[in-house]
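Inspection log for the structure reproduced underneath, given as structure tokens.
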Amino acid sequence: SIPLELMDSLQGAFSGTVGIQFHPTTGAMAASVKLNGDNWQFRNVGIQQFRLRDGAYDGTHFMLPEMTLAGIRHGEHRAPNTTLTLRMDTRQQRGQIQLQRLPLDFISTVMDSPMSTGGDLAAIATWHPSPRTPYITGEVTLDNPRLGNLGSEAIRLGFAYRDEQLHVGQQLVTGGRNDRTAAGRIVFHLPVEAMMALQPDTSTLGATALR
């Protein structure tokens with residue numbers, strides 16, 4: 001349920017279709033949904049566009065080919081080219097979330113940071129099926145990042161989470177012979193009971209740096 005006082009703070013327009021069907025014998029419900037939203041505003045946070053395409057529920061599993069949020073605002077600050085996309089299929093145990101073109105100066109402004117920043121943040125995480133436990137791979141990218149007087153062409157951080165271990169590989173691209181690469185592994189437990197049965201084969205943190 002959604003508290004009514006929160007609904008009072010939500011503004012914007014949406015359109016779409018929702019279809020519901022019931023099996024004549026079992027009574028099981030299936031549903032399909034398409035939604036479009038424009039200029040949503042919740043308190044001081046705004047979303048320029050919302051799109052949910054061909055969502056479906058078959059009574060057991062939920063399929064979401066694509067749901068996208070585009071253009072964000074926080075007060076007077078805007079990131080019109082930022083998109084957040086979610087894809088999910090619980091039957092196949094697959095999913096993906098992707099963030100594109102989020103300006104670093106937008107983040108620092110929202111956080112009221114006095115440090116001068118520049119560049120764009122992008123990230124993607126993909127949920128893969130597995131006979132034992134689903135695992136996650138992804139990458140975080142900073143394009144032309146700048147923090148004060150420090151800058152780089154790009155920073156890429158690839159990661160994988162499998163068997164309760166987070167593997168991280170980082171590449172700092174500064175141009176020419178100054179490139180740096182590092183990799184490491186962090187062991188921790190997700191707070192999900194179904195995944196707690198798997199125990200990592202080590203309880204140590206290891207890291208390597210390559211020049």
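Brief remarks follow.
- Strands (runs of 3 or more DSSP E) fully within the range 57-128 that include at least 2 residues being closer than 28 Å to Glu153 by Cβ, open to solvent by less than 40 Å² (accessible area, probe 1.4 Å) and touching a Cys at 6+ places or on another chain (Cβ under 6 Å): none found.
- Each residue in the range 18-47 was checked for being open to solvent by 80 Å² or more (accessible area, probe 1.4 Å) and either closer than 14 Å to Thr85 by Cα or not in a strand (DSSP E or B) (or both), and 5 of them qualify.
- Failed item in (1) surrounded by 14 or more Cβ atoms within 10 Å (Cβ to Cβ); (2) without any contact (Cβ under 8 Å) to a residue 24 or more places away in the chain, with Ser15 passing the rest: (1)
- Yes/no for Arg156 being open to solvent by 30 Å² or more (accessible area, probe 1.4 Å), closer than 27 Å to Val45 by Cα and modelled with pLDDT of 80 or more: no
- Single match in Arg132, Arg101 (criterion: over 14 Å from the mean Cα position of the chain (by Cα) and of a type in the set (Lys, Arg)): Arg132
- If the condition is being touching a helix residue (DSSP H, G or I) at 6+ places or on another chain (Cβ under 7 Å) and within 26 Å of Gln93 (Cβ to Cβ), then the range 106-159 contributes only Thr133.
The values are calculated or read from the model by the stated rules, or taken from the named source; none is laboratory data. Since this is a predicted model, take the numbers as computed values, not measurements. No Cβ is skipped: glycine too gets one built from the backbone with ideal geometry, and neighbour counts run over all protein chains shown. For accessibility, only protein heavy atoms count, side chains too; no ligands or nucleic acids. Shrake-Rupley method; radii C 1.70, N 1.55, O 1.52, S 1.80 Å.
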